[in-house]
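Here the structure is laid out as structure tokens; the discussion comes afterwards.
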Amino acid sequence: MAVAEAFIPSAPRRGTARIGGARRIVGRASIAERVGFALLAVLVLAAIFAPLIAPYNPITPSGLPFTSPLHGGHLMGTDEVGFDIFSRVLYGLRTSLVGAVLVVTSGVIIGGLIGLVAGVAGGWVDTVLMRFTDLFLALPGPVLAIAFVAALGPSGFHTLLAVAIVWWPFYARIMRGEIRALAARPHLEAATLAGAGPFRRAFRHLLPGATSAIVVTASLDVGNLVLTLAGLSFLGLGAPAPAPELGAMAARGLQYLLQEWWVPVMPAIVVFLLTLASNLSGDGLNATMSDS
Amino acid sequence: MIKFVVKRLLSMVVILLMLTAIVFLLQKLSHINPAHAYLGANASQAAVNRETHILGYDRPFIAQYFHYVSGLLRGNLEVSLRTRHPVSTDIVAFLPATVELAVSGLFLAMVLGAVFGLISAARFRGAGAFRMLLMSFASAPVFLLSLLGILVLSGNLHWLPGTGDTSYTNAPTGPTGIIVIDGLVHGQFAVAWDGVWHLILPALVVALGPAVSIGRVLRGSLEASMLSDFARTARAKGLKERTVVLHHALRNSVSAALSMTGLQVGLMFAGVVVVETIFAWPGIGLYVDQSIPQADFPAIAGVTLVLGVGYVIINAIVDILQAVVDPRVALV
């Protein structure tokens, strides 16, 4: 049996071979996408090394309130309490990035598993799981997330949990679609004839072929999540003050907009940069992995 | 076609039941005793128990759910912990402004989406820069767009008003609650015009992100249609490129853009909530934003239900529209 299976090509490795070569991905990307990769790299490094880069403690006053940007050693100025906005923004960047990646990962794992089970099992299991998924897909996720957080009580963790709960159905759909398409291919028939059980078929012959579609979707999704999480935080559904969260900082600075514009605008710009970098990189990854 | 519509409407009922089930479960999860909330913080335990029984909160879980749904059908959304009014009364007061903002935002998103899609499908000098601009719109959080809009267009240039939906304190109220329409109904054109003026900036901010997504999908399917056999035939007949795009390719591409529009409405609603807080727009977004710090769950649940129902209905309409534009959809 093992001999027979050795001749069966496992799932076509569309994309997986190319994930390895970061240089090839960057090489095929357009200029805008390369800028996106570079910006994302800078932002990720800034988030990782925030404690080293931040000139001040983000939650202790470090100067006079409302110091304008580039004055008194405050790159982005200070807010109404005298917190250094640059330091706070660095930590906020960290929270945003970690949050978005965690939710995407959980979406991929939960949705991916449900889609995989539905696609491999077929029959009534498929029908039940996908009907359930469609019901979730038919509801407005971001709005439900507001109600979830409000019911659980606002906190950074509850926000992530709430968004994770509404974020998986999309991945279940994609995974199931990929699996059904792959299942119709000859290599699967061969694997079945060679005696491969459902687990072996799922993880060895189907899942590898579906990865690239899921990776591309997930990478395009990070930007959406940064925006959604920032929006929830803006509404006061994140960690309580004075935790440095970008959305909440923009919301609290709103009242100073016309006089001290930098207080709300700086954190909002960082959300924008992070989303732009994620979207451009996602596009770059998509372009290089889908054209073949 | 009729069969398709009936099927779609039936599935809508199931989805709405699911929505109520989720909100009901969240209410149970939120540890707010509605009877206690209804009577106020100083109510005696005996009074709370009596009220609990009257309101039916000591009945079995499933019975409570049916009670809840039948209450919803009669418009009972329970009492807000903050305003002490029935949530339904509050929502009726705040909803018109939201409908005004959401409908104009959706309309703008569709128009801009079509424009973005058609422009970016064409090849011209600066197309790359145009795409980059669209990408920036799509990546900017609504609160950044709002802040910059207020700062530049309203604060510096004084072109557009930055807060509220009217500058009149004695604007006519009723029959719709939507300032622009009420102004027209009462023949006060200055009020209506002022309402439109207030609407431009928030509606634009709400529409930009969804418009880019719609435009993207439209461009993608337009490019696919332009490569298809029927487009080649149309060209071979000697039709002008313009005619091929507008009469042949577009109709085949609109369906995908429409379903994207439906999906974007969910994100747009979340955007509306944020934008209403920033612009002090007197809608249910502002209402829910004020309810969040007070943990006023009945109010939040009410708004979630209203927005959820709106989303589900809009998506049903979109699906039916899709079948009208492209009859192949109804065959599935």
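Condition (residue is loosely packed, with under 14 Cβ neighbours inside 10 Å, touching a Ser or Thr at 6+ places or on another chain (Cβ under 6 Å) and of a type outside the set (Val, Ile, Thr)) applied to the range B:70-80: is it met by at least one residue?
yes
Is it the case, given these coordinates, that B:Leu29 is at negative phi and surrounded by fewer than 18 Cβ atoms within 10 Å (Cβ to Cβ)?
Taking the combined requirement at face value, the residue satisfies it.
Quick test for you: out of A:Ser87, A:Ser68, pick the one residue that is open to solvent by less than 20 Å² (accessible area, probe 1.4 Å), of a type in the set (S, T, N, Q) and over 20 Å from A:Gly209 (Cα atoms). Give the steps one after another, and end with the answer.
On the way: A:Ser68 fails: open to solvent by less than 20 Å² (accessible area, probe 1.4 Å).
Step by step, each of A:Ser87, A:Ser68 is checked, and only A:Ser87 is open to solvent by less than 20 Å² (accessible area, probe 1.4 Å), of a type in the set (S, T, N, Q) and over 20 Å from A:Gly209 (Cα atoms).
For the range B:54-78, enumerate the residues that are over 25 Å from the mean Cα position of the chain (by Cα) and on the phi > 0 side of the Ramachandran plot.
Matches in the range B:54-78: B:Gly56 only.
Does the range A:169-177 contain at least one residue that is within 11 Å of chain B (Cβ to nearest Cβ) and either open to solvent by 20 Å² or more (accessible area, probe 1.4 Å) or in a helix (DSSP H, G or I) (or both)?
The answer is yes, given that some residue of the range A:169-177 is within 11 Å of chain B (Cβ to nearest Cβ) and either open to solvent by 20 Å² or more (accessible area, probe 1.4 Å) or in a helix (DSSP H, G or I) (or both).
Would you point out the residue of the range A:238-277, among those that are at the interface with another protein chain (Cβ under 8 Å from one of its Cβ atoms) and in contact with a Phe, Trp or Tyr (Cβ under 9 Å, 6 or more places away or on another chain), that is farthest from A:Leu227 (Cα to Cα)?
Among them, the one singled out is A:Leu254.
Please return the ranges of helices (runs of 4 or more DSSP H) entirely within the range B:1-57 where 3 or more residues are closer than 30 Å to A:Pro142 by Cβ, modelled with pLDDT of 90 or more and not small (Gly, Ala, Ser).
Hits in the range B:1-57: B:2-29.
I'm told A:His158 meets every condition in (1) of a type outside the set (Asp, Glu); (2) within 12 Å of chain B (Cβ to nearest Cβ); (3) more than 17 Å from B:Val274 (Cβ to Cβ); (4) out of contact with any Leu (no Cβ under 6 Å at 6 or more places or on another chain) except one. Can you identify the failing condition by its number?
With (1) of a type outside the set (Asp, Glu); (2) within 12 Å of chain B (Cβ to nearest Cβ); (3) more than 17 Å from B:Val274 (Cβ to Cβ); (4) out of contact with any Leu (no Cβ under 6 Å at 6 or more places or on another chain) applied to A:His158, the lone miss is (4).
I'm trying to understand the selection: among the residues of the range A:128-141, which are in contact (Cβ under 8 Å) with a residue 40 or more places away in the chain and open to solvent by 20 Å² or more (accessible area, probe 1.4 Å)?
Scanning the range A:128-141 gives a single hit, A:Leu129.
For the range B:215-230, which positions are over 29 Å from B:Met135 (Cα atoms) and either loosely packed, with under 12 Cβ neighbours inside 10 Å or modelled with pLDDT under 85 (or both)?
B:Asp229
Return a yes/no flag: does the range B:193-204 have any residue that is surrounded by fewer than 23 Cβ atoms within 10 Å (Cβ to Cβ), farther than 20 Å from B:Gly285 by Cα and free of Cβ contacts under 8 Å to residues at least 24 places away in the same chain.
Yes, because at least one residue in the range B:193-204 is surrounded by fewer than 23 Cβ atoms within 10 Å (Cβ to Cβ), farther than 20 Å from B:Gly285 by Cα and free of Cβ contacts under 8 Å to residues at least 24 places away in the same chain.
Looking at the range B:240-251, which of its residues are of a type outside the set (Asp, Glu) and either within 14 Å of another protein chain (Cβ to nearest Cβ) or assigned to a helix (DSSP H, G or I) (or both)?
Applying the first criterion (of a type outside the set (Asp, Glu)) to the range B:240-251 yields B:240, B:242-251.
Passing the criteria: B:Arg242, B:Thr243, B:Val244, B:Val245, B:Leu246, B:His247, B:His248, B:Ala249, B:Leu250, B:Arg251.
Which residues, taken from the range A:243-292, are open to solvent by less than 30 Å² (accessible area, probe 1.4 Å), more than 23 Å from A:Ser155 (Cα to Cα) and hydroxyl-bearing (Ser, Thr, Tyr)?
Passing the criteria: A:Ser278, A:Ser281, A:Thr288.
Given the criteria more than 11 Å from every other protein chain (Cβ to nearest Cβ), open to solvent by less than 30 Å² (accessible area, probe 1.4 Å), charged (D, E, K, R) and within 23 Å of B:Pro210 (Cα to Cα), does B:Asp182 qualify? Let's see the steps before the verdict.
Values: more than 11 Å from every other protein chain (Cβ to nearest Cβ): yes; open to solvent by less than 30 Å² (accessible area, probe 1.4 Å): yes; charged (D, E, K, R): yes; within 23 Å of B:Pro210 (Cα to Cα): no.
So B:Asp182 does not fit the description; no.
Only one of B:Ser139, B:Ser167, B:Ser154 is crowded, with 22+ Cβ neighbours inside 10 Å and among the small types (Gly, Ala, Ser); which?
It is B:Ser139.
Quick check on my filter: what residues within the range B:130-149 are more than 19 Å from A:Ala248 (Cβ to Cβ) and either within 7 Å of another protein chain (Cβ to nearest Cβ) or under 22 Å from the mean Cα position of the chain (by Cα) (or both)?
Passing the criteria: B:Met132, B:Leu134, B:Met135, B:Ser136, B:Phe137, B:Ala138, B:Ser139, B:Gly149.
Output the residues belonging to the range B:89-123 that are more than 27 Å from B:Val217 (Cβ to Cβ) and either touching a Lys or Arg at 6+ places or on another chain (Cβ under 6 Å) or open to solvent by 30 Å² or more (accessible area, probe 1.4 Å) (or both).
Hits for the range B:89-123 are B:Thr89, B:Val92, B:Ala93, B:Phe94, B:Leu95.
When the range B:279-293 is examined, which residues are found to be open to solvent by 10 Å² or more (accessible area, probe 1.4 Å), part of a helix (DSSP H, G or I) and in contact with a Leu (Cβ under 9 Å, 6 or more places away or on another chain)?
Scanning the range B:279-293 gives a single hit, B:Asp289.
Could you pull out the residue among B:Ser167, B:Ser136 that is of a type in the set (S, T, N, Q) and part of a helix (DSSP H, G or I)?
Of the residues listed, the single one that is of a type in the set (S, T, N, Q) and part of a helix (DSSP H, G or I) is B:Ser136.
For the range B:50-59, give me each residue that is open to solvent by 90 Å² or more (accessible area, probe 1.4 Å) and closer than 18 Å to B:Lys28 by Cα.
B:His53, B:Ile54, B:Arg59
Please state which of the following conditions A:His205 fails to meet, knowing it meets all the rest: (1) more than 22 Å from A:Thr60 (Cα to Cα); (2) under 26 Å from the mean Cα position of the chain (by Cα); (3) away from every other protein chain (no Cβ under 13 Å); (4) surrounded by 22 or more Cβ atoms within 10 Å (Cβ to Cβ).
Status for A:His205: all satisfied but (2).
Residue-by-condition table, conditions (1) part of a helix (DSSP H, G or I); (2) open to solvent by 30 Å² or more (accessible area, probe 1.4 Å); (3) of a type in the set (A, V, I, L, M):
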{"residue": "B:Arg232", "(1), (2), (3)": "yes, yes, no"}
{"residue": "B:Ser253", "(1), (2), (3)": "yes, no, no"}
{"residue": "B:Gly266", "(1), (2), (3)": "yes, no, no"}
{"residue": "B:Ala295", "(1), (2), (3)": "no, yes, yes"}
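Can you tell which of A:Val125, A:Val120, A:Val149, A:Val98 is in contact (Cβ under 8 Å) with a residue 24 or more places away in the chain, surrounded by fewer than 16 Cβ atoms within 10 Å (Cβ to Cβ) and assigned to a helix (DSSP H, G or I)?
A:Val98
Quick one: B:Ala316 ticks every box in (1) surrounded by 21 or more Cβ atoms within 10 Å (Cβ to Cβ); (2) farther than 17 Å from A:Val143 by Cα bar one, so which box is it?
Result: B:Ala316 fails condition (1) only.
Among the residues in the range A:102-119, are any within 14 Å of another protein chain (Cβ to nearest Cβ) and among the aliphatic types (A, V, I, L, M)?
No, because not a single residue in the range A:102-119 is within 14 Å of another protein chain (Cβ to nearest Cβ) and among the aliphatic types (A, V, I, L, M).
(1) in a loop (DSSP other than H, G, I, E, B); (2) within 12 Å of A:Pro267 (Cα to Cα): which one isn't true of A:Leu90, the others all being true?
Only one criterion is unmet by A:Leu90, namely (1).
The values are calculated or read from the model by the stated rules, or taken from the named source; none is laboratory data. Because the structure is a prediction, the values reported are computed rather than measured. A quick note on method: Cβ atoms are made from the backbone with ideal geometry, for glycine too, and the neighbour counts reach across all protein chains shown. Ligands, DNA and RNA are stripped out before the accessible areas are found, and what is left, the full protein with its side chains, is counted by its heavy atoms. Shrake-Rupley method; radii C 1.70, N 1.55, O 1.52, S 1.80 Å.
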